[in-house]
Amino acid sequence: MRDWLAGRTLRTRLIAGVFVLLAVSCTIIGFATSITLQGFLFGRLDEQLVQAGSRLDVSRERPDRPGDSDRPSAPGRDPDVQGQTVGTLAVRVSDRSIEQAVVVRDTAGQISLSKVALTPADRSTLLNLTPGQPTTVRLSSLGEYRLRATGGPGGDTQVTGLSLQEIESTVHRLEVTELIVFAVALLLTGLAGAGWVTLSLRPLRRVTMTAKQVTSLPLGSGEVDLRHRVPETDPRTEVGQLGVAFNQMLGHVETALEERETSEVRLRRFVADASHELRTPLAGIRSYAELARRSTEDVPDEVSHALGRVESEAVRMGRLVDDLLLLARLDTGRPLEQEEVDLSRLVIEVTSDARVAGPDHRWSLDLPDEPLVVRGDEHRLHQVVANLLSNARIHTPAGTSVVVRLSADPAGQTGRQAGRRVILSVRDDGPGIPAELQAHVFERFVRADDSRSRVKGSTGLGLAIAQAVVKAHGGSLTLISRGAGTEFRISLPAGNGV
C-alpha cells in the first residue's frame, strides 16, 4: 500500500484514505451489530429453552404408547405438544443411554411429536452433555441446535433443544441488508468525499498550474516577463498561506531577474563599447611597432626584441577584442548573414589549414558523397570549425588522431525539408576532458590548462564563441567525453541543397 501511495497524487491519496476509513467503519459497524443481534437472540433463545424444558417435563415422564408419537393431534389439545415451538427437541438420558428423543414437527398444519433418528455421533454428543449452561451443537439429522441439559427424577438427564435456523436466518438477513446499505452508503459518501476533496484542493491546483507556467519560462537568460501569480485565497487556510508565500517568492524572483538583466545589459554594453574603443589604440600600437621595426637605422637587439613582443601582444589583444565584440553582438541578438553555405567544402578547407598548422597530428575526413548545404554565415561557421580543430590540436599530444565527420541526420531523412539536420562532429582520441570541467567548457574564459593555454595564445573564448554562433544559426553544440577521447558535435538545420 505504501508503494502504491508513493506514486500517487495528494488528491488520489486523500480519496483513497476516505474510502478506506469508510470501509473500515462500515465493517466494524457490521460486525458489531451482527454480534450484538446474535447475542441478543441467543439470550432470548436460552430463556425459551428454560420455558420449553418446563413444559416438556410431563411429556418426558409419560410412558410411550404404541402409535402415540406418530399419531397427529390438533394443536392445543394434545398435552404432549401444548405450547411447544415447532422444532423443539426433547431427549431423555437414563443410565448413559438415550431412552427417548422426539421433536415437535408441523406436518400439513398438524403439530405432533416425532421420534428422531440419531447417528452414533449425535448420541455421543447428547450423552456427553452436562447440566448447566446451554451449548450449541450440530446434529446430523436436525442441523444447528441450542441444547440445555437438566437433571431429572431418578438420576435421569433431560435435554431440551431449540433450532438455531431462525437465528441464523435473521442474522444472515441482517448481514445482507447491511452489506447492501453499507455498499450504497460507501459509494455515495465516497463520491461526495471525492468531490469535496477535489473542491478543497482546487486552490492547491492553481498553485501547481502557476508553478508549471513559471518553470516553462526561459529564466536562464534574457529579459523575463514574470507576470504569473496565484489567485488570492483565504490567508487563514494552509493553501492560502502557501499561495501568499508563493506570490511573494515570485515577486522576489522577478526583482532579482530584472536586476540581473539590467546588470547584464550594462555589462554587454560596456564590453561592446570597450571592445570598439580598444580597436583604434591597438591598431595604432601595431602600426607604430611595425614602423619602428622598419626603421633603416640600427636598433639594438633588445629594442628590436621588445618591439616584436609589443607587436605580437598587440595582435593577440586585437584577437581578444574582436572575440569580445563578436560575443557582445551575438548577445544582443544581431542577425548573421544568411546565405547558402557548402559545409562540405568549408570542412575540407578548415581541415587542410589545421593539417598545415598541426603536422604532428593525424587528420582524417569522413564526408558524404553529396555536398551538404546549410543556410547561415559562412565566415562565422568557418570560425566555429576552426576553433574546434584548434582546440583538438592544442589540447592533445602529438600523434593524436582527429576525425572530422559530416553527415545528414538519419532521423530527419524521411521528414519534411524544414526538419532535416546536418551533423558535423570533431572527434579525437586524446586524453579527454576532466569530468569536473565538462560542465563549464562553453563558459567564457575557461581554460583546460591555464599555463599552457596562455603560452599557446588561447583566450578561453573559442568554445563560447562556437556555441553562440551555432545557437544563432538555430543549431546546437554538444560535448561527448567519456574517459579517453573527446567529441564535439554540431547539429544545424539543413539548407535547400540537402
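The table below lists the values:
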read-out	value
Correct option for Rg/Rh (Cα atoms, Kirkwood Rh) [calculated from the coordinates] among [x] 1.48; [y] 0.97; [z] 1.53	[x]
Mean-position separation - Cα centroids, the range 291-324 and the range 104-148, in angstrom	127 Å
Test item: Cα-centred dipole of the range 215-334, Lys/Arg +1 and Asp/Glu -1 on Cβ, debye	240 debye
Helix-only CD estimate at 222 nm, as mean residue ellipticity for the chain, using -39500 (n - 2.57) per DSSP H run (n ≥ 4)	-17500 deg cm²/dmol
Ratio Rg/Rh [Cα only; Rh per Kirkwood] for the range 155-218	1.63
Cα centroid of the range 328-363 to Cα centroid of the range 236-281, whole Å	35 Å
Cα-based Rg / Dmax (Å) for the range 215-334	26.5, 90
Where GluC sites (Glu not before Pro) fall in DSSP loop in the range 235-309, at most 10 other Cβ within 10 Å	Glu297
Thr237, Thr396 arranged by Cβ crowding within 10 Å, fewest neighbours leading	Thr237, Thr396
Relative packing of peptides 192-204, 24-36, 317-329 - highest average C-beta neighbours within 10 Å first	317-329, 192-204, 24-36
Phi to ³J(HN,Hα) by Karplus 6.51 cos²θ - 1.76 cosθ + 1.60 over the range 187-198, Hz, x for Gly, Pro	5, 5, 5, x, 5, 5, x, 4, x, 5, 4, 4
Least to most buried among Ile167, Ile285 (fewest other Cβ within 10 Å first)	Ile285, Ile167
With Cα atoms, 0 to 90° folded angle of helix 202-215 axis to the chain main axis	20 degrees
The chain, relative contact order in percent, only Cα pairs under 8 angstrom and at least six apart counted	9 percent
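Only the coordinates and a few stated rules stand behind these numbers; no lab work does. Keep in mind that what you see is a predicted model, and the values were worked out from it rather than measured. All Cβ positions, glycine included, derive from the backbone under ideal geometry; neighbour counts span all protein chains shown.
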